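Novice: This is the structure I have questions about; it appears just below.
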């Protein structure tokens, strides 16, 4: 691991970290800390990883062997959507959610001066009541769990937004085959169903055995099925662009659904630790 001289946290690589957190390029970072001597942006483990990959590329058999200790299912290998397929999917969704004239009139009555709250000012006590009511409606009887998790492996604290993400964090921290991992550490561009360009942040970046790099996305199955066509279409577009990005950068994409979460919950750690003993 290598220490960031700005915030003193440890990372495998500083290139993305200094840009994302400190809003500076790696060259600006080096210029700022030149009085410390030569500034490194890659840890020894990351350099060794790159050297191994350069001198001895992984075979498909080797990739499968490393992945076997994680889950029974192989990494996601979907067919990439063509631009024509993306446009057809976008047109289909726009047709489903097209507002009728009656709906448009109702929406117009809730905008600007026509809105029943327009021009009203609430007291501090009333705003606090509204805040409490909104919080109760948002979080009571919901299955989502938010909190922080301190990783002993990565020596830093992460903020998770669901119980599934916490389970995956604990799994990655304990699994002896996982060299390093990060949570929401980079984003990629994608085009949504309406044709707008947006950014999408995958959940986990995982380094296995110092050589195999994977991107893990935690998603329940219903968000990829046709039960909710708008959500599923957007997620399909995200995953498609993620697979294209992963293929260019020699990553594997692994989708973590409720099936994988159940495997993690029932895992026999003695068997896993015996493999790496």
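The values are calculated or read from the model by the stated rules, or taken from the named source; none is laboratory data. Predicted model only: the values in this text are computed from it and were never measured. Cβ: placed from backbone, ideal geometry, glycine included. Neighbour counts: every protein chain shown.
Novice: Can you tell which of 209, 214, 252, 182 is at pLDDT below 85 and touching a strand residue (DSSP E or B) at 6+ places or on another chain (Cβ under 9 Å)?
Specialist: Being at pLDDT below 85 and touching a strand residue (DSSP E or B) at 6+ places or on another chain (Cβ under 9 Å) holds for just one of 209, 214, 252, 182, which is 209.
Novice: Name the residue that is surrounded by the most Cβ atoms within 10 Å (Cβ to Cβ), counting only residues in segment 149-169 that are in a helix (DSSP H, G or I) and free of Cβ contacts under 8 Å to residues at least 60 places away in the same chain.
Specialist: Looking at residues that are in a helix (DSSP H, G or I) and free of Cβ contacts under 8 Å to residues at least 60 places away in the same chain, I get 165.
Novice: Just one of (1) in a helix (DSSP H, G or I); (2) in contact with a helix residue (DSSP H, G or I) (Cβ under 7 Å, 6 or more places away or on another chain) trips up residue 185, so point out which.
Specialist: Exception for residue 185: condition (1).
Yes/no matrix, rows are residues, columns are (1) touching a helix residue (DSSP H, G or I) at 6+ places or on another chain (Cβ under 9 Å); (2) surrounded by 13 or more Cβ atoms within 10 Å (Cβ to Cβ); (3) in the same structural domain as residue 234 (by TED's automatic domain parsing):
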residue	(1), (2), (3)
147	yes, no, yes
172	no, yes, yes
176	yes, yes, yes
195	yes, no, yes
203	yes, yes, yes
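One line per residue, one yes/no per condition, for (1) more than 21 Å from residue 177 (Cα to Cα); (2) at pLDDT below 80; (3) assigned to a helix (DSSP H, G or I):
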site: 226; (1), (2), (3): yes, yes, no
site: 241; (1), (2), (3): yes, no, yes
site: 245; (1), (2), (3): yes, no, yes
site: 262; (1), (2), (3): no, no, yes
site: 270; (1), (2), (3): no, no, yes
site: 277; (1), (2), (3): no, yes, no
